[in-house]
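To start, the structure itself, in structure tokens.
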Amino acid sequence: MKWLLVFWAGPILFLGSWYGLSYYDISFGTYFYSRDMHDLVFQIYGQVLGIPPDKVPPLVLKAIIFDTIIVFGLIALRRHRELHAWWSRHWAGSDHSKEREIVDSLSNAP
């Protein structure tokens, strides 16, 4: 799990923080976080992909969501036995007959 945070969540956190800071031009005196850098990066990506620069951020967001689904799917496949055991324990206690007993006992109250 430590490596998942390092190699998956770390870059996503870095990209998200850069995007947010550069979008709102919170540059802390550096060019890296400026709005000029933001526009330049997306202009370059737009030219490389052959699409308008304003269409690139939604594509990046969709790619992050897709990658997140893939990563958590792989984790679920690796730990399917643990997840199945947890699911069985979790839903074993929610028997509907217990709910009926509670309703019956409340209806017999004075």
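The values are calculated or read from the model by the stated rules, or taken from the named source; none is laboratory data. Note that the structure is a prediction, hence the values are computed from the model and not measured. Here Cβ is always computed from backbone atoms with ideal geometry, including for glycine, and neighbour counts include all displayed protein chains.
Which residue out of ILE51, ILE64 is over 22 Å from ASP25 (Cβ atoms), in contact (Cβ under 8 Å) with a residue 12 or more places away in the chain and hydrophobic (A, V, I, L, M, F, W, C)?
ILE64
Considering only residues that are of a type in the set (A, V, I, L, M) and surrounded by 12 or more Cβ atoms within 10 Å (Cβ to Cβ), which ones fall in the stretch 30-58?
Correct list: MET37, LEU40, VAL41, ILE44, LEU49, ILE51, VAL56.
Restricting to the stretch 9-29, what's the tally of residues that are surrounded by 11 or more Cβ atoms within 10 Å (Cβ to Cβ) and either without any contact (Cβ under 8 Å) to a residue 12 or more places away in the chain or among the acidic types (Asp, Glu) (or both)?
Adding up the residues that qualify gives 11.
Quick one: how many residues across the stretch 1-51 are touching a helix residue (DSSP H, G or I) at 6+ places or on another chain (Cβ under 6 Å) and not in a helix (DSSP H, G or I)?
Total satisfying the criteria: 3.
Kindly check whether there is at least one residue in the stretch 77-95 that is modelled with pLDDT of 85 or more, aliphatic (A, V, I, L, M) and on the phi < 0 side of the Ramachandran plot.
Looking for residues that are modelled with pLDDT of 85 or more, aliphatic (A, V, I, L, M) and on the phi < 0 side of the Ramachandran plot, one finds at least one in the stretch 77-95, hence yes.
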